[in-house]
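Q: A single structure is presented below for examination.
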Amino acid sequence: VCISPWNFPLAIFIGEVVASLAAGNVVLAKPAEQTALIAAYAVGLLHQAGVPRDVLQFLPGRGEVVGAALTADARIKGVIFTGSTEVAQIINRTLSARAEDVALVAETGGQNAMIVDSSALPEQVVTDVLSSAFDSAGQRCSALRVLYLQEDIADKVVTMIKGAMDELRVGNPARFDTDIGPVIDAEAQQGLLRHINGLKDKARSIYQAKLTAECAQGTYVAPTLFEIDHIGLLQREVFGPVLHVIRFHGGDIDKV
């Protein structure tokens, strides 16, 4: 069973499927429910290219329904999953209940960090921070979540990041002048807004980019910068345009 995420709806989906086929497996492909159409098209192309239909089956649907049924089925001998840590743990517990060993390959969430000391060129830092934290509305496995800044340069760099955030245009990604589009759906939007609102009282400061009037319609989230005291405030990956900044003293870089 190959269970893929929505944020790379073709690359990760096809990577899981083709790797499994190349290793000699029959594959049941279950894409994220948000991106079933592109996955269906890709499976159609594989069938046209000669992959037998009884070797590759397409099974779209909600994870808690289709995914749960597939991973619990005794005929399944292996699972490849890319997605949240919580869902991976559910799959792991389901497979562990089986009498036999079942392979599980899981790529899950985390806190991607960038550590910036006083030797860094601030202009380069700002460029890299903005592209990593906010491109694709922060909806990449590789997106920057936690920026560690050495205290000596923190004020300057944070000021520059805020100024660069003011230049970002959030809106319809069909427009050439748009920098950041919406998040995937209303559920993701509400989860991000809950995180932002919940962290406001615990953070040292918060700064948000401006939203245009068109963002009132759609699942937009303002790019947000929090300054926090420690990474322990983050209990899970925040999958969207939210950056957490932590200051550190130069002598503490090994602790960081």
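Q: What is the P(r) of the range 35-189, as percent of Cα-Cα pairs per 5 Å bin from 0?
A: 1, 7, 12, 13, 13, 12, 12, 10, 8, 7, 4, 1, 0
Q: DSSP loop chymotrypsin sites (Phe, Trp or Tyr not before Pro) in the range 99-187 with at most 13 other Cβ atoms within 10 Å of their Cβ, which ones?
A: Phe176
Q: In the range 44-153, what trypsin sites (Lys or Arg not before Pro) fall in a loop by DSSP, with at most 15 other Cβ atoms inside 10 Å?
A: Listed in order of number, the matching sites are Arg53, Arg62, Arg75, Lys77, Arg98, Arg140.
Q: At 222 nm, what value in deg cm²/dmol follows for the chain if DSSP H runs of at least 4 each add -39500 (n - 2.57) and the sum is divided by all its residues, to the nearest 500?
A: The helix contribution divided over the chain gives -10500 deg cm²/dmol.
Q: Return the whole-Å distance between the Cα centroid of the range 175-245 and the Cα centroid of the range 1-18.
A: 26 Å
Q: Sort Leu211, Leu21, Leu234 from largest to smallest accessible area, using a 1.4 Å probe on the heavy atoms of the protein chains.
A: The ordering from most to least exposed comes out as Leu211, Leu21, Leu234.
Q: At 1.4 Å probe radius, can you tell me the per residue accessible area of the chain in Å²?
A: Roughly 52 Å² per residue, with all protein chains present.
Q: Using a basic spin-label model with each label point 7 Å from the Cα along Cα→Cβ, how many nm lie between Arg169 and Ser131?
A: The modelled label-to-label distance comes out at 2.0 nm.
Q: Tell me which GluC sites (Glu not before Pro) from the range 134-208 have a DSSP coil assignment and no more than 12 other beta carbons within 10 Å of their own.
A: Sparse-neighbourhood loop GluC sites (Glu not before Pro): Glu167.
Q: Under a point-charge model restricted to the Cβ atoms of Lys and Arg (+1) and Asp and Glu (-1), what is the dipole moment magnitude of the range 183-256 relative to its Cα centre, in debye to the nearest 20?
A: 200 debye
Q: Among Gln190, Ala88, Asn25, pick out the residue whose Cα is farthest towards the positive end of the charge dipole of the chain, where Lys and Arg carry +1 and Asp and Glu carry -1 on C-beta, about the Cα centre.
A: Going by the charge dipole, the pick is Asn25.
Q: Where the accessible area of the chain is counted over protein heavy atoms with a 1.4 Å probe, how much of it, in %, is carbon and sulfur?
A: Carbon plus sulfur share of accessible area: 54 percent.
Q: Report the charge-dipole magnitude of the range 35-154 in Debye, nearest 20, computed about the Cα centre from +1 at each Lys and Arg Cβ and -1 at each Asp and Glu Cβ.
A: Using only the charged Cβ atoms, the result is roughly 740 debye.
The values are calculated or read from the model by the stated rules, or taken from the named source; none is laboratory data. A quick note: this is a predicted structure, and the numbers were derived from the prediction, not measured. We place every Cβ from the backbone using ideal geometry, glycine too, and count neighbours over all the protein chains shown. Quick note on the areas: whole protein, heavy atoms, side chains included, nothing else; ligands and nucleic acids left out. Shrake-Rupley method; radii C 1.70, N 1.55, O 1.52, S 1.80 Å.
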